[in-house]
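The structure appears right after this line, and notes come after that.
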Amino acid sequence: MIDENAYDVVVVGAGFSGLYAIHRVRQLGLRVRCFEAGDGVGGTWYWNRYPGARVDIESMQYSYSFDDGLQQEWRWPEYFSPQEDLEAYANHVADRFGLRSDIELNARVNRLAFDERANRWHVSTENGHHVTAKYIVAATGSLDAMNLPPFPGLESFGGQWYHTARWPKEGVRFDGKRVGLIGTGSTGIQATPVIAQSAEHLFVFQRTAAYSLPAYNRPTDPAYERAWKADYPQRRAKMFGHFAASYTENDQYRSVFDYSPEERQRILEEAWAARNGLLFMRTFSDISTNLEANEIVAEFVRGKIRATVRDPKVAELLCPTTYPIGAKRICMDTGYFEAFNRDNVTLVDVRANPLAEITPTGLRTTADEYDLDIIVFATGFDAVTGSLTRMNVTGLGGLDLREKWRDGPTTFLGFLVAGFPNLFMIHGPGSPGVLVQMITGGEWQVDYVTKIIEDMERSGRQRIDTAPEWEQRWNVEVEEAAKRTLYNYADSWYVGANIPGKPRIFMIYIGGFDRYIQRCTEQVANGYEGFVFDGSVPAEPR
Ligand code: NAP
């Protein structure tokens, strides 16, 4: 008799990677069930529906490549899609490929336990589902577990408060309201100008100023769309061979020091006028690796802030000076700095005067009190590991993933954790994750993992694992790649520095998507070197 609750594969999360994983697993002829916490599909683009939410990569590339019919028929109205267009796209994909019948919505996974005698995972959800599966594909997203710092007094607040990553579907009305926005990362920077348009007054509480570049969003030019569609296969192929899984017309750039100061200025001005944020960061080859080169570009960007913000004191406060440009994810905005020229927007420096408490009527810093009707927390995420550890995962011998990762995450090739067999992470710690274009990166990882599943099913294997020596070796590769850059100079979520007590480890493989593909592929081609099947003895790393 068939056990209805026994699946070959459980996919956790119906974001972009999860949706594709369902599709691929089905193509293998295996039984799959996807559990999704939200009441709709889209993952990041389902949850992050705050005002101004928009992707920072051109939509012609930030989209699936696996089906040419899909990429030819879909139309992106804007260069950088707003949240609603990305959510609509996810829904279209779910319908077009008939994925919904395998997705359980409103089902947050709260327990994953490996049964080592049966080689099966037991999966439970908050709303009472209990199933088993041979394999887990954890497509839980790098930026899912929201970070709400424990501000004292929040429960006493008499107004409304929201976290940007759990924004209500019906939206929030700001007109006539005094609004406090905490956090000036990519999210706060996108939300500020939009909230400012309708709020009676907006107070932006800034702890660290951010580098932000103009998005130059615009309606999609039909000629640009035609060029992409005519050339999609070639461009996608280039993306799969590109260090950031992106397509750029020209990656021939040189050191800042190859140019005279006047030439640099001209190049930067041209790039500022013509290139969106992420491309601007590729103006010179050494921006991310040489502090002196970085400072030249950082100072150029500070100059743009000073030229935009009329009040020199506010402008200076908005100038980031404590870390190199690009060492935190560069932000892209539409009118962020301009918003501080409005009479109804006030910047509050909570570096100098930290937030002390939330009060029944607003918020108190160590210097002042602010009466507020609404507080918006744009305070980010327990990134990369949070969505995995919050599922209460236990592997061999009942080992808890939180315990295993107490001193920082360890993985082999960013997708497998020793002692947690048959559990495949997409965009997990040690993978290129958010430092590459994530839809393409996720597609590649899903293809890789489903190929492993296919191989295992064909050869009758029950269990795939790795060994701590191989994790250590991969961690060294991840660390070495990070050391070649300036990323460690910033207290960012990349290193877990935004969460008090989280071990400081660079959690993302920055050696390049192309290099990552090569490394993953060669380990498999070398007779699955570094992997352990069915409890066999692992090979020693060379
Ligand atoms: P974030 O970059 O972590 O920024 C969080 C902000 O909250 C920071 O300004 C932080 O200040 C502040 N904050 C946190 N705790 C605080 C506290 N206790 N007191 C005062 N301020 C506090 O989070 P995010 O803006 O949500 O962005 C996260 C990532 O999501 C981005 O880096 C990006 O990868 C992605 N994202 C992308 C887009 C896009 O595609 N355009 C849009 C939004 C987000 P400190 O810097 O001082 O810690």
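Table for the structure above
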{"read-out": "Largest-first ellipsoid semi-axes for the stretch 287-350, taking √(5λ) over the Cα gyration tensor eigenvalues, angstrom", "value": "24, 11, 11"}
{"read-out": "At R0 = 22 Å, FRET efficiency that the Cβ-Cβ distance of Val476 and Glu540 yields, to 0.05", "value": "0.90"}
{"read-out": "Bins of 5 Å from zero: percent of alpha-carbon pairs in the stretch 40-162", "value": "2, 8, 14, 16, 15, 14, 12, 10, 6, 2, 0"}
{"read-out": "Cα radius of gyration and Dmax for the stretch 103-215 (Å)", "value": "20.0, 62"}
{"read-out": "Euclidean distance of C-alpha centroids, the stretch 447-461 and the stretch 85-104, integer Å", "value": "25 Å"}
{"read-out": "Long-range HN-HN contacts of Ser492 with modeled amide H, under 5 Å", "value": "Ala497"}
{"read-out": "Computed over the stretch 66-109, the ratio Rg/Rh where both radii use C-alpha atoms and Rh is Kirkwood", "value": "1.04"}
{"read-out": "DSSP beta bridge pairing in the stretch 1-143, given as percent antiparallel to the nearest 5", "value": "50 percent"}
{"read-out": "Relative contact order %, the stretch 337-407, counting alpha carbon pairs below 8 Å whose residues are six or more apart", "value": "13 percent"}
{"read-out": "Total formal charge among the other residues, if their Cβ is under 14 angstrom from that of Ile375, Lys/Arg +1 and Asp/Glu -1", "value": "-1"}
{"read-out": "Share of carbon and sulfur in the accessible heavy-atom surface of the stretch 347-406 [1.4 Å probe, %]", "value": "44 percent"}
{"read-out": "Normalised contact order of the chain, rounded percent, pairs of Cα under 8 Å and 6 or more residues apart", "value": "19 percent"}
{"read-out": "Cα centroid of the stretch 131-156 to Cα centroid of the stretch 6-38, whole Å", "value": "19 Å"}
{"read-out": "Radius of gyration and Dmax over the Cα atoms of the stretch 245-401, both given in Å", "value": "20.9, 64"}
{"read-out": "DSSP-defined beta bridges in the chain - what % are antiparallel, rounded to 5", "value": "40 percent"}
{"read-out": "The chain, helix-only ellipticity at 222 nm - DSSP H runs n ≥ 4, -39,500 (n - 2.57), divided by all residues, nearest 500", "value": "-9500 deg cm²/dmol"}
{"read-out": "Semi-axis lengths, Å, the chain, gyration tensor of Cα atoms, sqrt of 5 times eigenvalues", "value": "38, 28, 23"}
{"read-out": "Built amide H within the under 5 Å cut-off of Glu357, gap 5+", "value": "Arg364"}
{"read-out": "Within the stretch 122-240, percent of DSSP bridges classed antiparallel, to nearest 5", "value": "45 percent"}
{"read-out": "Dipole in debye (nearest 20) - the chain, about Cα centre, beta carbon charges: Lys, Arg +1; Asp, Glu -1", "value": "180 debye"}
{"read-out": "The stretch 280-413 - accessible surface per residue (Å², probe 1.4 Å)", "value": "40 Å²"}
{"read-out": "Top positive-direction residue, dipole computed over the stretch 465-515 with Cβ charges, set Val478, Phe513, Pro503", "value": "Pro503"}
{"read-out": "Nearest-0.05 FRET efficiency for Glu263 and Glu170, computed from C-beta distance (R0 51 Å)", "value": "0.45"}
{"read-out": "Over the stretch 441-542, relative contact order from alpha-carbon pairs under 8 Å, at least 6 apart, %", "value": "34 percent"}
{"read-out": "³J(HN,Hα), Karplus 6.51/-1.76/1.60, whole Hz, each residue of the stretch 353-365, x for Gly, Pro", "value": "10, x, 5, 9, 6, 8, 10, x, 10, x, 8, 10, 9"}
{"read-out": "Mean-position separation - Cα centroids, the stretch 212-280 and the stretch 506-542, in angstrom", "value": "32 Å"}
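The values are calculated or read from the model by the stated rules, or taken from the named source; none is laboratory data. No experiment lies behind these values; they were computed from the predicted model shown. Note that we place each Cβ from the backbone using ideal geometry, even for glycine, and neighbour counts take in every protein chain shown. Heads up: the accessible areas ignore ligands, DNA and RNA and are worked out on the full protein's heavy atoms, side chains in. Shrake-Rupley method; radii C 1.70, N 1.55, O 1.52, S 1.80 Å.
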